Structures are given as C-alpha cells and as structure tokens.
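Asks: This is the structure I want to talk about, given as structure tokens.
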Amino acid sequence: MNKPLDTGLPSWEPGAPSYLALQDGHQRQFSYLRLSITDVCNFSCNYCLPDGYQCETKQTPISLKEIKQVVTVFAQKGINKVRITGGEPSVRKDLVEIIHTIKNIPGIQTVAMTTNGYKLGEYIGPWLDAGLDALNVSIDSLDPRVFETITGHNRLKEIMAGLDKALELGIKTLKVNAVLLKSYNFNEFERFLNWIKDTPISLRFIELMETSDNREYFHANHVSGEEIQQRLEKSGWIQKVRKKNAGPANEYLHPDYQGSIGLIMPYSKDFCTTCNRLRISSLGKLHLCLFGEGGLDLRPYLMPGLESLLSDAVDKGLQTKPETHYLQSNNTGTTRHLAMLGG
Ligand code: SAM
Ligand code: SF4
C-alpha cells in the first residue's frame, strides 16, 4: 500500500497538501513525468508519421493553465522531473512560458525536453533562460540525404549548428536520440561512434518499436537491441553498473571517447521492472504505459479547487498500471504512433 508522501521538500509551502505518493500495484514509484504539449509535428519521420501530421481531433491541446495545475499536483505527489515532448513541442508558440512555468513549480528539479531540433538554433537561448535543464535532440542520420529520406526535411546542417550553440551556451545535459533502422541508417553505426569520439554528447540508440501504424516498416527495419549491444561490446564499450531508478537506458562508456552511449532496449526482458515514468498526452490523458489502452482523462479535474479529486483519480488509475507491455507478442495497445504520446 502506498503511503502519504514524505516529499522531502523544503518548507517552501507550509501546509502543502499531503497527497499519496505515486506508487503502483507492483511497488514501482514514479518521479518522472513525460508531458506531451501537442500532437502536431512538422516532420514526417518514416517510422512515426510517414504521411505527416493528420489532424484527428477538434479538441485543443492542454493549456498553460492546465499544465500548471496538473504538474503542481504531480509535483506534490513526488514528481521531480518533467520532460516536455510531443509531436514536436517547439511548434507551440507558448513553449518558453511552458518551460518557465514548469521550472517554477515547487518540487520540480529538472525540466527536460525532446525535440526534432528544427528551432534549436533560433530558440536555445530563450529555452535555457526559461529554465530548461536538459535536452534530447533526435538525429537519425549524420548524412544529410539519409536524414532527409527519414524525416522528410533537409535540415541536418541547421540542427547540427543548433547543437553546437547549445553546447556553447553551456547546456547542462545534451543528448542525441537515434533510432537504428536496418534499411536506412544501421550502416552509419561506426560513423555515429566516431562522431562522439571528440564530442561530449550522450548518444541514445533507441530500438525501433512497433506501433499499430508501422507494422510492415517495423518488420523490415527492426534491429534488435542485443545486436547493437554486441557491436558496442566488440568495439570496447563497457556497460556501467545500473543504478536503482536509473531509467530505461543501459549506459556505456569507452576510455577513448568523450561522448557516451545509452542503449534503450524496450524488447529486453525486465525492461518494465524499473519503469519510473508516467505520461500525460496533449489532450490531458494520463497514460500508464506507452503501449497501454485509452488513457485516463484528467481534464475534468484540471480546475482550481479540484486538486484532491485529481490526486484521488490518479491514485486509483495507478493501481491499474500493468506490470509490463506486451510488445514481444506484437500487442501495441492503442498506440498508433509515438507522436500521439511523445515516446
Ligand atoms: N518530435 C520530437 C522528436 O522527434 O524528438 C519529440 C517526439 S518523438 C515521438 C520522441 C522520440 O521518439 C524521438 O526520439 C523519436 O525518434 C522516437 N520515436 C518515435 N517513434 C518511434 C518508434 N516507433 N520506435 C522508437 N522510437 C520512436
Ligand atoms: Fe515528428 Fe518526432 Fe515523430 Fe519525427 S519522431 S515525426 S519529429 S514526432
């Protein structure tokens, strides 16, 4: 049974409500929230939105006010890190205000974001000034033509310049996400490694996941996490000892490289046992798993005065969080593509 939360918070708010800690029926505790602020995306990555963004709802995305309300209650329940994601979060005009608002919610220590990077060069300064601590930029190829084939956009040069600017401005944590794809970029494996020899970036290799929209593509392009792992070990990369609550990536280091590697293997045994994250979609639904069903609508509770009802609804929902996803048996739940939920 989960206990009232000892938030460990300083006395910033005497009499702050003592909600229950976020713990599911499998004794997993949650300190990390992934918040999608839009499902719109301007790219058309061929494994995610091959036909580009298609508007499927008349509902508006969660507002700045609703974001403040929901994150405040989740912070009082033990969330200390929020990742802003999408769709493409930088299509939202109020992104700087969103970062600033989340960063100033008591209890939130880290504000991170995942982006395709198309506005990185232009906006990294304002994002950092607003309080952004960590950034993941998705770059699936270092070859401009392959990058364009995968994403539909000839923007690699600008995105790489944006990365340099982020480093120059002293960003605390900068990671690059690359989904390895058999027919497109797996032959760039060595090139990716060479790139981080002298570049202090943490590169995340993400194993392609099947969604209900990409089944054929998945079977043609999936590279197994074990295969990537073997290639890393052959090249002298050493896996770091995993810390408790370390998140989903297996971390690798190499004495000759400034950068590091994180390998995300959602198909590996026990991937879900260390799950420390919850997701809220841009329509305000709480998703207990990236590959679960429908999601619990929190929007009716996102009004001043309904905080404890929101907290109760989340507690009840959490008890239904499944122990694991069923991706191994090709069950992708209701997830058509990851732009719906932000990965
Ligand atoms: N648009 C932003 C971006 O691309 O970084 C944020 C949203 S995107 C859904 C978040 C991450 O999910 C990206 O790194 C993307 O490469 C990854 N992703 C999308 N679909 C995927 C899939 N089917 N399997 C594995 N990773 C996927
Ligand atoms: Fe857009 Fe990100 Fe999906 Fe690419 S991976 S289509 S950038 S949401």
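Asks: Can you name every residue in the stretch 73-113 that is assigned to a strand (DSSP E or B) and open to solvent by less than 20 Å² (accessible area, probe 1.4 Å)?
Replies: Answer for the stretch 73-113, where residues must be assigned to a strand (DSSP E or B) and open to solvent by less than 20 Å² (accessible area, probe 1.4 Å): Val82, Arg83, Ile84, Thr85, Val111, Ala112, Met113.
Asks: Same structure, new question: Which of the helices (runs of 4 or more DSSP H) contained wholly in the stretch 148-258 include at least 2 residues that are in contact (Cβ under 8 Å) with a residue 40 or more places away in the chain and open to solvent by less than 10 Å² (accessible area, probe 1.4 Å)?
Replies: Hits in the stretch 148-258: 156-168, 189-195, 225-234.
Asks: Let me ask something else about it. Would you point out which residue out of Asp39, Asp51 is open to solvent by 80 Å² or more (accessible area, probe 1.4 Å), charged (D, E, K, R) and modelled with pLDDT of 85 or more?
Replies: Among Asp39, Asp51, only Asp51 is open to solvent by 80 Å² or more (accessible area, probe 1.4 Å), charged (D, E, K, R) and modelled with pLDDT of 85 or more.
Asks: A further question on this structure: Can you find even one residue in the stretch 179-199 that is within 13 Å of ligand 1 (Cβ to nearest atom), farther than 18 Å from Leu263 by Cβ and in contact with a helix residue (DSSP H, G or I) (Cβ under 9 Å, 6 or more places away or on another chain)?
Replies: Scanning the stretch 179-199 turns up at least one residue that is within 13 Å of ligand 1 (Cβ to nearest atom), farther than 18 Å from Leu263 by Cβ and in contact with a helix residue (DSSP H, G or I) (Cβ under 9 Å, 6 or more places away or on another chain).
Asks: If you don't mind, another one. Filter the stretch 120-147 down to residues that are surrounded by fewer than 20 Cβ atoms within 10 Å (Cβ to Cβ) and part of a loop (DSSP other than H, G, I, E, B) and give me whichever is nearest to the chain's Cα centre (by Cα).
Replies: The extreme case among them is Asp133.
Here's the yes/no breakdown for (1) modelled with pLDDT under 95; (2) more than 27 Å from Lys321 (Cα to Cα):
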{"position": "Tyr217", "(1), (2)": "no, yes"}
{"position": "Tyr252", "(1), (2)": "no, yes"}
{"position": "Gly259", "(1), (2)": "no, yes"}
{"position": "Thr273", "(1), (2)": "yes, no"}
{"position": "Gly294", "(1), (2)": "yes, no"}
{"position": "Tyr301", "(1), (2)": "no, no"}
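The values are calculated or read from the model by the stated rules, or taken from the named source; none is laboratory data. Just so it is clear, the structure is predicted and the values come from calculations on it, not from any experiment. For neighbour counting, all protein chains shown are included, and Cβ atoms are generated from backbone atoms with ideal geometry for every residue, glycine included. Surface accessibility is based on the protein's heavy atoms, side chains included, excluding ligands, DNA and RNA. Shrake-Rupley method; radii C 1.70, N 1.55, O 1.52, S 1.80 Å.
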